[in-house]
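Here the structure comes first, spelled out in structure tokens, and everything after it is commentary.
The values are calculated or read from the model by the stated rules, or taken from the named source; none is laboratory data. If you're wondering where the values come from, they're calculated on a predicted model, not measured in any experiment. As a convention, Cβ positions derive from the backbone with ideal geometry for all residues, glycine included, and neighbour counts pool all protein chains shown. Protein only, heavy atoms only, side chains kept; ligands, DNA and RNA dropped before computing areas. Shrake-Rupley method; radii C 1.70, N 1.55, O 1.52, S 1.80 Å.
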Amino acid sequence: MSVHPSMDRDSTEWWASLAAHALIFQRCSECQTWRWPARAMCHACGAFAWRWQPASGRGEVASWIVNHHVFLPGVPAPYVVLNVRMAEQPDLVLPGAFEGPYDDPRLVIGAQVEAGFADCPGDPPAALLRWRIIQSIA
Amino acid sequence: MMLRDRTAVAGVGWTEYAKNSGVSTLTLALRAIGSALDDAGIRHSDVDGVACHRVGDSVQAVLVAQALGIKDLRYHLDMFGGGGTSHQVVAHAAMAVATGMAETVVCWRAVNARSEFRMGGTGRAAPDALEFQYQLPYGYATPPQQYAMLARAWMHARDAKPEDLGRVAIAQREHARLSPRAMMRTPLDMDAYLASRWIAEPLRLYDCCLETDAAVAVVVTSAERARDLAQPPVLIAGAATGGGHTLFSNGRADATVSAAAELAPRLYAAAGIGPREVDVAQLYDAFTFLVPLQLEDYGLVERGETGGFYADGHASLGGLLPVNTHGGHLSEGYVHGLNHVAEAVTQLRGAAGARQVAGAEVALTTGQPGYVGGTCSALILRRDGDPVHSSGQATAPMGNEGNGA
């Protein structure tokens, strides 16, 4: 159901954390702005000092799609991809898979979700995000 | 120094639009450039600058320059990027001419987007973008998926219905039926639109642009020189680029307003022309919803009013603001934005035949409004002659009251 992620030198730690089933983001040591994907500099204040910080793992559905076409070999249709807006900061938005059927009526913009992890075969060890609904507004 | 009206598009050229061109992108580029030079009445030996954009899917600009026989390449732009850069390429050419770096710059986009490199297809290599690692593992990799994600959020915020997107596809198909160049010329009605298969919900097949083998070229030179050439000059009144954020925004939490909203006031100020003065608009339409989104973000229609604008026929020929008169990427063909520039020029020359917008003096033509590629660009073109407008201010958008017409 997935493809093993490729990584770059900035993102290795993020992927390693996901493989250990922990969701982390960079956080600026100066202005405390969260950021993702991994970048060397804070886009808000320009500082280079930062740390990885565990996130709540909670957010809301910013948008979602139902894929009815096999876009990638190994990922059979239909399947959902979510964009989740993290509780930490409104511009912290990231994609992931959905734990539920593609026509789940609870899946609406604004539904509250929580991060789950799905191990992904391959080397190095990896996991992907699989969001589950904890509170729907439908 | 302002760019306003200092340069002009002196020639436009197209290859055939096909599902399989059977030739290289180098040959496509040369054919379109040759056609544009013939149109302008310029010899190939007079070209001293080249400019194109590509995403690893087309011939290098320098090889086209060599093939044109250029020995002293005074301006060279080979930009990485998709539809968001299409209008930047023309803007850069205009800057090169306006500053005296070059006299005559050819701009083109050449791609075998159906037979060689399918943007929406399967099995292609991932583009050279750091952010794809966060999408690919989920089977989330192609433009229809990325724009479906944005379309859902926009439709939710505007309470837009599938029929609102369907009217965009149908209006553009009607325009394409009047163009011998268009690939899709059979009628499309709402039932057929709604019955078309899902690609990535909320986008159906007819929400998606065509994949086309084609090239389009335009010739940019000084306005002064253009007045001595074969065609009536079309002035580059204003140009602007924008954007910066991508799908992974780091700064824009709301995906329902595009980078065009920030670009637009600068564009209108650069041109000294406001949105109410635009007679015809060619808006980047890789997917239907981008058209109403840009009508909002370029200040042409009030937010939330685009559905009624289409339902009332205002975006069709004979309406208040005909949009994508060539059929756009949805029905003419997908040449990554440059075919919008070519259609704007054709309209301003009064040479669009059955699809001509009567009295068109000012055209807005736009590239992709940011998001996936991260950048955005647009041009305001106008017919040569005394300036028809002098406000220099971006005026209020058209509301329900229309544009005073």
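Need one number: convex hull volume per residue for chain B, Cα atoms only, in Å³.
Measuring per residue, one finds 128 Å³ for the Cα hull of chain B.
Pop a pseudo-label 7 angstrom from the Cα along the beta-carbon direction at both A:Thr12 and B:Ala67 and give the gap in nm to one decimal.
4.2 nm
Using heavy-atom solvent-accessible surface (probe 1.4 Å) with all chains present, what is the largest-first order of B:Cys209, A:Cys45?
If we order B:Cys209, A:Cys45 from most to least accessible, we get A:Cys45, B:Cys209.
Taking a Cβ-Cβ separation under 4.7 Å as the criterion for a possible partner, which cysteines of the protein assembly as shown have none?
Unpaired cysteines in the protein assembly as shown: A:Cys120, B:Cys52, B:Cys107, B:Cys208, B:Cys209, B:Cys376.
Counting pairs of alpha carbon atoms under 8 Å apart in space and at least six apart in sequence, what relative contact order in percent does segment A:25-138 give?
20 percent
Averaged across the residues of A:90-97, what count of C-beta atoms belonging to other chains lies within 10 Å of each residue's C-beta?
Other-chain Cβ atoms within 10 Å of each residue's Cβ, averaged: 6.
Once you have the alpha carbon radius of gyration of segment B:32-135, what is it after dividing by 2.2 N^0.38 Å, with N set to its residue count?
Taking the Cα Rg and dividing by 2.2 N^0.38 Å, one obtains 1.20.
Need one value: the accessible area of B:Met95 in square angstrom, 1.4 angstrom probe, rounded to the nearest 10.
90 Å²
Quick one: Debye curve from the C-alpha atoms of the protein assembly as shown, no solvent, what's log10 I(q)/I(0) at q = 0.10 Å⁻¹?
-0.80
Mean residue ellipticity at 222 nm from the helices of chain A, using -39,500 (n - 2.57) per DSSP H segment of n ≥ 4 over the full residue count, to the nearest 500 deg cm²/dmol?
My calculation for chain A gives -1500 deg cm²/dmol from helical runs alone.
Over all directions, what mean area does the Cα convex hull of chain A project, stated in square nanometres?
8.4 nm²
Using the reciprocal of the averaged 1/r over all distinct C-alpha pairs, how large is the Kirkwood radius of segment B:245-315 in Å?
Answer for segment B:245-315: a Kirkwood hydrodynamic radius of 13.2 Å.
What are the ³J(HN,Hα) values, in whole Hz, obtained from phi via the Karplus relation 6.51 cos²θ - 1.76 cosθ + 1.60 with θ = phi - 60°, for each residue of segment B:205-221 in sequence order, with x given for Gly and Pro?
Whole-Hz 3J(HN,Hα) from phi for segment B:205-221: 3, 7, 8, 9, 6, 7, 9, 10, 8, 5, 9, 10, 9, 10, 10, 10, 8.
Just checking the output field for B:139-152: average partner chain Cβ neighbours within 10 Å of each residue's Cβ?
Per-residue shielding by partner chains comes out at 6.
Starting from the residue with the highest accessible area, list B:Tyr206, A:Tyr79 in decreasing order, probe 1.4 Å.
Order by accessible area, largest first: B:Tyr206, A:Tyr79.
Scattering from the C-alpha atoms of segment B:226-284 alone, worked out with Debye: what is log10 I(q)/I(0) at q = 0.13 1/Å?
The computed values of log10 I(q)/I(0) come out as -0.50.
Please compute the average number of Cβ atoms from other chains found within 10 Å of each residue's Cβ in peptide A:69-80.
Averaged over the peptide's residues, the number is 5.
Can you pull the one-decimal nm distance between simple spin-label points at A:Ala87 and B:Gln60, each 7 Å off the Cα toward Cβ?
Going from the A:Ala87 label point to the B:Gln60 one covers 5.3 nm.
So how do B:Arg6, B:Arg266, B:Arg109 rank on accessible area, 1.4 Å probe, biggest first, that is with the largest at the start?
Final ranking, largest accessible area leading: B:Arg266, B:Arg6, B:Arg109.
Compute, for A:Ser56, the solvent-accessible surface of its heavy atoms (probe 1.4 Å) with the complete set of protein chains present, and express it in square angstrom to the nearest 10.
70 Å²
Give the separation of the Cα centroids, segment B:130-178 to segment B:46-120, in Å.
With segment B:130-178 and segment B:46-120 each reduced to a Cα centre, they are spaced 28 Å.
For B:Val97, what accessible surface area do you get with a 1.4 Å probe? Give it in Å², rounded to 10.
20 Å²
Hey, what did segment B:89-224 get for relative contact order, percent, Cα under 8 Å, at least 6 apart?
41 percent.
For chain B, calculate the relative contact order in percent as a whole number, restricting contacts to Cα pairs under 8 Å that are 6 or more residues apart.
Reported as a whole number, the value is 24 percent.
For a test of the definition: using alpha carbon positions, the gyration tensor, and the 1.5 limit on a/c, classify segment B:120-237 as rounded, prolate or oblate.
Note, shape of segment B:120-237 comes out oblate.
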